Structure formats: C-alpha cells, structure tokens
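Have a look at the structure below, then the notes.
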C-alpha cells in the first residue's frame, strides 16, 4: 500500500479524501476500482460488436428469403381480393405499389390489403387513379325504360330522371345510374337530354356499342372480329376501339427497359413445375406492353434452373418454363414469329448454387433482345 501526504496549498482534489487537518490520504484502492470500470466498458463494447455482427449475418442470410416471402404473400392477398391492377415490389420490408386504380376507394383498399400482410413495415404509394369515364345509356326493355351508366355527381341525376319520366312515363323508369365525379364539360347533361329526346321517336332498335382502348392494333382487330362473329342476326354494331399512340423503342432501349422491369422481381413458378404463379402476371403484362413498342425486334425467352436435381431434368424444366412464358406473351398479343424459346438448365448460373439466395437467383427467365 502506498500513501501520499500533501499540504493544503498543494492539495489535488481528485487524489483522495480531505481530513480535518488538511492532509489528503489516497491508497491503491481507487486504481483497482478504475481497472474494474475499464473491464466493464470493454465487455460492453465487445457485446455490442457481437450483436452487430449477428444482425448483419442474419440480414445477409435471410434477407432475400424474407423479401420473396413478402412479395408472394402481398401479391397473393391482392389476387384473392380481385385487385389485378396493382403491382407490388419490395426493398427489404418496404413495399412500393404501382398501377392505375379504377377509383380512389379501390386505391385505398389495395394499400390497406398490402399493409395488413404480416412483415410489411412501410408502403410507398405510387398508385394512380384512372379518370372517371362518364356513360349514359337509355335502354327500352319491353314496357320499361332503364337509365344506366356513370354520371356526374353535380346534381344532374334528378334532372335526367325528371326528363325521362316526362318522355316515357313515371311508372316505366328504372334507375340504375351511378354518380361518380365532377361534370367533364358543360355540354354533357344537355347531350344526355337530347339523346332521350331522339330515342322517344324510335319504335325499336338493336345496336351493340363497344368502346375502349386496346394494347395493340392486333388486339383491336381480334376483339372486333370476335364481336362481329358472335353478333345475333338482326343486330348491328358500333365499334370504337382505340389504340394508344406510343412511339416505338429502339432495340437497345427495349432491352434496357425490360432489364429495369426484371430488377423489381422475377417470374415465379410452382415448385418443380412450369405452372406460373399468379404474382407473375403483373410483371409479364408490363413486359408485354414493352414488347408491343419493340415491333422490329426478335426476342429469345431463356429458361434457367439451379443445380438441384438431375441435370437432364433441369434442362427439360427450364425449356418448359420458357415455353410457358412465351405462350403467355402470345396470348396477350405478341407476334409468335418474334419469339424464340431456349432452355439452358443449370449450365449458366449467375450466382453460387451453394446458398439458398444463389439458387434463387439462378432460377430465372431472361428476355434477350436480338443484337443486344
């Protein structure tokens, strides 16, 4: 044990305890206490480093599986609810939703559905709302006159019903009108009234009117021909199907756009099967839309597998999956002459087959643009 003695003039306040005589006495006990404090701090730091290392290990090992599970559950939830217009992609536990909702209520419903999926922490809402389409139809069905369609919610409904009752009789009117949104322009209601004024002058009529927007000119022709073939004798048709004007993409831009789409998620199949899972449809539909703007390109649809199982079976499965995707594209209007099917099995991995994440990356469908 060591003892130090100092006078009041030389006192150091941190060396011990002051006595009444002005002498400070300190022993080695404060040093041992300091050593114990340093040991406790070192242990806390080591524990914190161990916790960080374990966290990084768990995220690296299980992160991809968590993302795949969230994407699958979210897409399945939307599909079960009949929400086929929304797409969901994940970065960690954050969901990004895209698509065009038919109404604000449907938009909110889709967000609520994905929010309810276990494990989803945040939603980035990039959903758009389709502008309301106003339609007004008056149909004579025997002694009844049915008013139907989607009309402005500006109070014009009572005016239209009153006009119909004056023309056809109050007892004949059947109200099936829906109010949805503001008036598109000042002429809408006057034109609806004028239509009823003209209809009351007709004895009978059988006309089928089909309007809408097709993905391509080929789809426009196909739908028009089907309507004409199925039209009953004595009926006439009015077809107003438009094709959106979109500029064609160069092959390089086409390839880059498809690569960007594939970054958000892959095309999924049932285990050991070529049957497409429902959550693959939104991505495939986006690819169809791109290919419609790349009419001058040829596309190789290539299937790949991991190394699990026999190589010969993997080769067959990869080609069957590529063929299934090709059939989907053709069914949505892509010209079959532009498509080539190839299966590579496990021969072209892009990651190790030694981990679940690597095997998941190797199980894939690729779209290779000719010359790119």
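The values are calculated or read from the model by the stated rules, or taken from the named source; none is laboratory data. Just so you know, these numbers come straight off a predicted model, no measurement behind them. Note that we place each Cβ from the backbone using ideal geometry, even for glycine, and neighbour counts take in every protein chain shown.
Return yes or no: is residue 105 surrounded by 11 or more Cβ atoms within 10 Å (Cβ to Cβ) and free of Cβ contacts under 8 Å to residues at least 12 places away in the same chain?
Details: surrounded by 11 or more Cβ atoms within 10 Å (Cβ to Cβ): no; free of Cβ contacts under 8 Å to residues at least 12 places away in the same chain: yes.
Judged against the criteria, residue 105 is not a match.
Residue pairs whose Cβ atoms lie under 6 Å apart, separated by 6 or more positions or on different chains, with the first residue in the range 148-159 and within 17 Å of residue 174 (Cβ to Cβ) and the second at pLDDT below 75, are 149/135; 150/134; 150/135; 150/180. For the range 43-91, the tally of residues that are part of a loop (DSSP other than H, G, I, E, B) and either at pLDDT below 85 or on the phi > 0 side of the Ramachandran plot (or both) stands at 1.
Any chance the range 118-128 includes a residue that's over 26 Å from residue 101 (Cα atoms) and either out of contact with any helix residue (DSSP H, G or I) (no Cβ under 7 Å at 6 or more places or on another chain) or at pLDDT 75 or above (or both)? Within the range 118-128 (the criterion being over 26 Å from residue 101 (Cα atoms) and either out of contact with any helix residue (DSSP H, G or I) (no Cβ under 7 Å at 6 or more places or on another chain) or at pLDDT 75 or above (or both)), the answer is no, since none of the residues qualifies.
Are any of the residues in the range 177-188 closer than 28 Å to residue 86 by Cβ, under 27 Å from the mean Cα position of the chain (by Cα) and at pLDDT below 75? Checked against the condition, which is being closer than 28 Å to residue 86 by Cβ, under 27 Å from the mean Cα position of the chain (by Cα) and at pLDDT below 75, the range 177-188 yields at least one hit.
Look at the range 67-87: where a residue is over 22 Å from residue 263 (Cβ atoms) and a partner is not in a helix (DSSP H, G or I), sitting 6+ places away or on another chain with Cβ atoms under 7 Å, you get 77/117. Residues in the range 94-104: is at least one in a helix (DSSP H, G or I) and modelled with pLDDT under 90? Checked the range 94-104: at least one residue is in a helix (DSSP H, G or I) and modelled with pLDDT under 90.
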